Structures are given as C-alpha cells and as structure tokens.
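Here's the structure, in structure tokens; my notes come after.
The values are calculated or read from the model by the stated rules, or taken from the named source; none is laboratory data. The model shown is predicted, which means the values in this text are computed figures rather than measured ones. Cβ: placed from backbone, ideal geometry, glycine included. Neighbour counts: every protein chain shown.
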C-alpha cells in the first residue's frame, strides 16, 4: 500500500483529496502546513506528497526545495496543486524539483495519471526513502548505541536560509560524520576530523588562558562561516553558513535544538 501525504492549509481541499484517493486504497495522511509535513516526514516517509503551492509560512515550492536538499528524502515525488497554472508556475515547479503541477479544481482524470507516473518513477529508480537512522558511537564502553533520527533535529535549523548545511560529528578519537542535512558536503569524514582538531586546539587554548570550558566555535573562510556547538563531550553540531557573520537568530535556533540533541545522545 502506497503512503500519500497531503499538504494543504484548506480543510476542504484535504478532505476532497482524501475522498478521491480512498477508492485507490492509499494510506493517506494529511498536514495543514509544510512545516507540519516536515515533522511527519521525519518519522514516517511517504511514497508521494501532494502539496498546495500557496500556504501560510513555507510554500509548496519551498517544501520541494527543502526535500530535494536532503539525501534521504530527495527521491520523494511531489505533485503540486495550484489555482493558477501558467508558464511561470510551471517553471518554478520544475526548478523546485516538483514532479508536476495540477490545476485546482481538479478531477480524478487530472490527478490519477500524475500519481501513477510519480509512483512508477520511484519504483523504476528503486529509491530508498527511509529517513537517516545512524548508529552513533556508544558513549560508554560496551553500551549499545541508540538509533537516532538525527534529521528530526537538523530540519528546523534549515528554516534559516543562511544555514546551507547542518552536520553532527563525533569529536572523540574516532572522528566520524553521523548525519548531514542541506547542501551535501564532500569528504564529510575529513570535515569531521578537522572539526575535532579545531575543538581540541581551541579547548587547549582556553584552558591555558583560564577561560571557561569551550562550548562554541566560529570560523570564517572567504566570506563563509562555520559555527560549531558542542552537544556533549563526544559530539558536536556543525553549521555551514552563507555569509561572514553568524546571525543571532541562528544562535537562537541552535540553543533551541540543543536540549533535544543532548537528551537523544545522553
């Protein structure tokens, strides 16, 4: 049974789509916003998304772009629905990575061929749509490593357009890349080693200067910034930011996500 996620701020449109899909025996879930949809996707990955273009907050185009930027979700086909379907909307839908755009009001004859085409494409690619579940290093010798859906914590960080990539890395002797979201970083394992080295050097400098324990580190490279925040003694959150400055809103988002990360890795 194929899983379909409907994303629309209109209750009547969601109900109409549910009625249309019911005879096809789909497993249908609904979300009232793109933000809500991302929360649902982090726990249950759909085979297909049908989303409205115009919604409060994040638009359907932005939802597509966000999904295509994440390796574990980029193969999910998205069919957009819009009250206006002209060349500009078609072009923007294509640029965002949407499968197609269907005009509202829609009929089964409009929608079902696009659904069949989208699901057939996924089947032919044999794409894996499972969320990232990574076995992090056990924090105590002999302790089983918990499975953590890291993207649940990384997705909210990508709400800020300044944040291009979010990583979680280990900073112990065996530096590793645990998770990545946003624009893909080449040589992620090497980046993890560099981050561990930066933290080690900065921590040593702090101790020699009798500063408090290191919690965060900011680096700048040719107009780009890297922000590192310690999660605990063995892991760190790393953000690649498009710009020389690290906005206060980015720091706020990090602090908001940190308790959840710390609890997950406790």
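Could you check the stretch 165-182 and list, in sequence order, the residues that are out of contact with any helix residue (DSSP H, G or I) (no Cβ under 6 Å at 6 or more places or on another chain) and not in a strand (DSSP E or B)?
Matches in the stretch 165-182: 172, 173, 174.
In the list 122, 102, which residue meets the criterion of being modelled with pLDDT of 90 or more and within 20 Å of residue 26 (Cβ to Cβ)?
When all the criteria are applied, what remains is 102.
Do you know which residues across the stretch 1-52 are closer than 15 Å to residue 106 by Cα and out of contact with any strand residue (DSSP E or B) (no Cβ under 9 Å at 6 or more places or on another chain)?
12, 16, 19, 20
Out of (1) modelled with pLDDT of 80 or more; (2) touching a strand residue (DSSP E or B) at 6+ places or on another chain (Cβ under 6 Å); (3) part of a loop (DSSP other than H, G, I, E, B), the odd one out for residue 245 is which?
(2)
Where the second residue is at pLDDT below 85 and in a loop (DSSP other than H, G, I, E, B) and the first is closer than 12 Å to residue 225 by Cβ and lies in the stretch 161-175, which pairs have Cβ atoms under 7 Å and are six or more apart or on separate chains?
Within 7 Å, the pairs are 162/243; 162/247; 164/183; 165/183; 165/185.
Which members of the stretch 32-49 meet the condition of being closer than 12 Å to residue 4 by Cβ and either outside the structural domain of residue 75 (by TED's automatic domain parsing) or touching a helix residue (DSSP H, G or I) at 6+ places or on another chain (Cβ under 6 Å) (or both)?
48
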